[in-house]
1. Do you know the relative contact order of region 45-223, to the nearest whole percent, from alpha carbon pairs under 8 angstrom that are 6+ apart?
2. To the nearest 10 degrees, how steep is helix 27-38 against the longest Cα principal axis of the chain, on a 0 to 90 scale?
3. On a C-alpha basis, how far is the centre of region 23-93 from the centre of region 177-194 in Å? Whole number, if you could?
4. For the Cα atoms of the chain, what angle does the longest principal axis make with the long axis of helix 2-22, in degrees from 0 to 90, nearest 10?
5. Assign unit charges at the C-beta atoms only (+1 for Lys and Arg, -1 for Asp and Glu), then state the dipole size of the chain relative to its Cα centre in Debye, rounded to the nearest 20.
6. Counting pairwise Cα distances across the chain, what percent come out greater than 26 angstrom?
7. Each residue of region 112-117 in order: what ³J(HN,Hα) in whole Hz does its phi give by Karplus 6.51 cos²θ - 1.76 cosθ + 1.60, θ = phi - 60°, with x for Gly and Pro?
8. Could you please rank H172, H131, placing first whichever residue has the fewest other Cβ atoms within 10 Å of its Cβ?
Amino acid sequence: MKVIASLTTAALAAILGDYAVQGSHSLVAHTVCIVRYVTTPSGSYPDSSRWTAYGVTSLTATSNRSFSVEPARKLLTDEWFGASMTGPGLCDYRVDFDADVSGPLSQRFALALGYGYAVGAEAEAINDVPHGTTVQFDPPFGGLRIVELPDGANAGGQNARAYSFVNTNHYHHWTLTVTGPDMTVSVDGQRYETVHLNGPASGGIIFRVWNARLDIRNVRISKLRP
């Protein structure tokens with residue numbers, strides 16, 4: 001234990017020394033971030049049991065590293081569908097995962113509802129309503145767009161951009177790089193945007209789905225040096 005404590009102290013001293021030399025950061029805020037960084041494993045695969053459904057959602061764990069979410073009731077409602085997980089407790093971190101969307105579940109309502117999913121960081125479900133900044137994977141549109149939840153769910157997205165990889169029944173690899181209040185998004189190695197996160201700072205990772213089934217696997221959280 002003494003060796004671990006010594007190594008932790010040395011790491012803290014080294015990183016704090018960097019910031020002291022730079023002289024452009026709040027020492028207190030960065031001390032908190034550095035303590036979290038030093039005391040957290042370099043990477044982890046959260047178990048599927050850590051995800052919680054919100055709204056009226058069917059969440060099925062298919063293994064300890066994979067799960068699916070889909071609406072559990074009629075689609076023409078004001079109810080929300082999705083899943084969330086508490087955040088890693090880090091100031092800066094990276095989230096990797098693979099996601100495959102299949103839909104529309106209801107072809108009859110596809111014109112009115114569309115179908116797809118969204119993912120966000122520093123977000124959370126409050127009283128079964130998702131709150132936070134998300135990037136929306138929208139097959140009918142054929143691209144990605146930024147959507148603020150909950151108010152922006154039915155509004156036009158910001159920074160809408162078409163990509164050929166936005167399709168169904170195929171796993172795509174996502175990377176979310178969270179640095180402070182910003183999140184840089186890449187899918188299948190193609191960078192989308194750096195998104196400003198307006199959700200709660202203590203929030204976690206959130207998925208929203210509509211008129212579709214979403215299969216998620218191999219979620220990995222990696223710490224980044226603040």
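1. 34
2. Rounded to the nearest ten degrees, it is 80.
3. Rounded to whole Å, the Cα centres lie 16 Å apart.
4. For helix 2-22, the angle is close to 80 degrees.
5. That gives a dipole near 420 debye.
6. It works out to 38 percent of all Cα pairs.
7. The phi angles translate into 7, 9, x, 6, x, 8 Hz.
8. Exposure proxy ranking, most exposed first: H172, H131.
FYI, it's all coordinate maths here, none of it is from the lab. Please read all numbers here as calculations on a predicted model, not as lab measurements. Don't worry about glycine lacking a Cβ; one is built from the backbone with ideal geometry, like all the others, and counts go over all protein chains shown.
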